[in-house]
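S.K.: Handing you this structure, nothing more for now.
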Amino acid sequence: MTASSTQSTRAFNEEVIAQLTQAFETLGRDEEVRCIVLAAQGPAFCAGADLNWMRKMADYSHDENVADASQLARMLQVMYECPKPTVARVQGDVYAGGMGLVSVCDMVVSIDTANYCLSEVKLGLYPATISPYVIRGMGPRAAHRYFLTAERFSAAEALRIGFVHEVVSSVEALDEKVNAIASTLCSNSTQAVKACKDLLQWVAHSDINQTLIDQTVQGIANCRASEQGKEGVSAFLEKRKPSWLNSVAQSSSK
């Protein structure tokens, strides 16, 4: 499934935030959806805040700003916690809030001509709501540089600091790589993929202690006893494809 933005939605406003929030909530609940590709059309993947929205924000009260920022924060959280694996297909520049969109996705494939920028401090602002996700995406050390300088950096640099996973040289190669990743994701156990997403989100920043160890032990025990866990192991031992691949083939033929 692909969520694709149009000419009018390459920048954030209240409508886009509401639409993305609803779309990811709906797709996250849909058992037929195995992965989500977030894409855009045109020269930019996301240019940050819509100019008309920025003009409105200039006249907001403190309470209005809190309510407005809360909607953006909720959208990012819904996207980050989506139970389906997500892939960002970055065909153009990514600025400000767009960096948040990229960082909430599990995987990122970028065209080599894309530029990236956390431009907020140039406007007297700072990237607060997107910071939990961007810092996880690029790491604290790189975040110190690019949050504070608001420098533009290339796709090659985004790859070097770990913010993106793959960089390709053409739109054709971009589609080929994204489709390959999506196909791989769709071949995996849906239950195991969801469990992996949960695991990644709470283990990565947890202390290694007895509580964490006990939770991981319970997690793998539950997974082994699950329907897909049993089926996957049986299929491996019997040298056959697991049954969930049959549903993938049926969906592809529709």
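The values are calculated or read from the model by the stated rules, or taken from the named source; none is laboratory data. Note that the coordinates shown come from a computational prediction; the quantities given were computed from them, not determined experimentally. Positions of Cβ are backbone-derived with ideal geometry, glycine not excepted, and every protein chain shown enters the neighbour counts.
S.K.: Within segment 58-70, track down each residue that is loosely packed, with under 14 Cβ neighbours inside 10 Å and part of a helix (DSSP H, G or I). Spell out how you get there, then give the answer.
M.R.: Step one: list which residues in segment 58-70 are loosely packed, with under 14 Cβ neighbours inside 10 Å, which gives 58-67, 70.
Across segment 58-70, the qualifying residues are HIS62, ASP63, GLU64, ASN65, VAL66, ALA67, SER70.
S.K.: Name the single residue that is surrounded by the fewest Cβ atoms within 10 Å (Cβ to Cβ) among those in segment 71-98 being in a helix (DSSP H, G or I) and in contact with a strand residue (DSSP E or B) (Cβ under 6 Å, 6 or more places away or on another chain).
M.R.: First, pick out the residues of segment 71-98 that are in a helix (DSSP H, G or I): 71-80, 97-98.
Then keep just the ones that are in contact with a strand residue (DSSP E or B) (Cβ under 6 Å, 6 or more places away or on another chain); that gives 97-98.
Numbers: GLY97: 25, GLY98: 28.
Residue satisfying both the conditions and the ranking: GLY97.
S.K.: I would also like to ask the following. Going through segment 46-95 one residue at a time, which ones are hydroxyl-bearing (Ser, Thr, Tyr) and within 16 Å of ALA11 (Cβ to Cβ)? Let's see the steps before the verdict.
M.R.: Initial filter on segment 46-95 (hydroxyl-bearing (Ser, Thr, Tyr)): 60-61, 70, 80, 86, 95.
TYR95, the sole residue that qualifies.
S.K.: Read through the list (1) over 19 Å from THR129 (Cβ atoms); (2) in a helix (DSSP H, G or I), then give the number of the only condition that VAL37 fails.
M.R.: So VAL37 meets the others, but not (2).
S.K.: So the check is Cβ under 6 Å with 6+ separation or different chains; which pairs have a first residue in segment 165-183 that's touching a residue at least 40 places away in the same chain (Cβ under 8 Å) and a second one that's crowded, with 17+ Cβ neighbours inside 10 Å and not in a strand (DSSP E or B)?
M.R.: From residues that are touching a residue at least 40 places away in the same chain (Cβ under 8 Å), the pairs are GLU166/LYS177; VAL167/ALA155; VAL168/LEU174; VAL168/LYS177; ALA182/CYS35.
S.K.: Do any residues in segment 56-74 that are free of Cβ contacts under 8 Å to residues at least 40 places away in the same chain have Cβ atoms under 8 Å from those of residues that are exposed (fewer than 13 other Cβ atoms within 10 Å of the Cβ), where the two are at least six apart or on different chains, and which pairs are they?
M.R.: MET57/ASN65
S.K.: Here's something else I'd like to know. Test each condition in (1) surrounded by 18 or more Cβ atoms within 10 Å (Cβ to Cβ); (2) touching a helix residue (DSSP H, G or I) at 6+ places or on another chain (Cβ under 9 Å); (3) more than 20 Å from HIS165 (Cβ to Cβ) for LEU27 and report the one that comes out false.
M.R.: Going through (1) surrounded by 18 or more Cβ atoms within 10 Å (Cβ to Cβ); (2) touching a helix residue (DSSP H, G or I) at 6+ places or on another chain (Cβ under 9 Å); (3) more than 20 Å from HIS165 (Cβ to Cβ) one by one, LEU27 breaks only (2).
S.K.: If I ask for residues that are within 28 Å of the chain's Cα centre (by Cα) and either in the same structural domain as TYR133 (by TED's automatic domain parsing) or not hydroxyl-bearing (Ser, Thr, Tyr) (or both), which ones from segment 222-248 would you list?
M.R.: Correct list: ASN222, CYS223, ARG224, GLU227, GLN228, GLY229, GLY232, PRO242, TRP244, LEU245, ASN246, VAL248.
S.K.: I've got another one for you. Going through segment 123-155 one residue at a time, which ones are touching a Ser or Thr at 6+ places or on another chain (Cβ under 7 Å) and either loosely packed, with under 14 Cβ neighbours inside 10 Å or farther than 18 Å from ALA73 by Cα (or both)?
M.R.: Answer for segment 123-155, where residues must be touching a Ser or Thr at 6+ places or on another chain (Cβ under 7 Å) and either loosely packed, with under 14 Cβ neighbours inside 10 Å or farther than 18 Å from ALA73 by Cα (or both): ALA150, ALA155.
S.K.: State yes or no: is ALA150 touching a residue at least 12 places away in the same chain (Cβ under 8 Å) and out of contact with any helix residue (DSSP H, G or I) (no Cβ under 8 Å at 6 or more places or on another chain)? Lay out the reasoning, then the answer.
M.R.: On the way: touching a residue at least 12 places away in the same chain (Cβ under 8 Å): yes; out of contact with any helix residue (DSSP H, G or I) (no Cβ under 8 Å at 6 or more places or on another chain): no.
In short, no.
S.K.: Out of GLN228, GLN210, GLN191, report the one residue that is loosely packed, with under 15 Cβ neighbours inside 10 Å and not small (Gly, Ala, Ser).
M.R.: Details: GLN228 fails: loosely packed, with under 15 Cβ neighbours inside 10 Å; GLN191 fails: loosely packed, with under 15 Cβ neighbours inside 10 Å.
Criteria check complete, one pass: GLN210.
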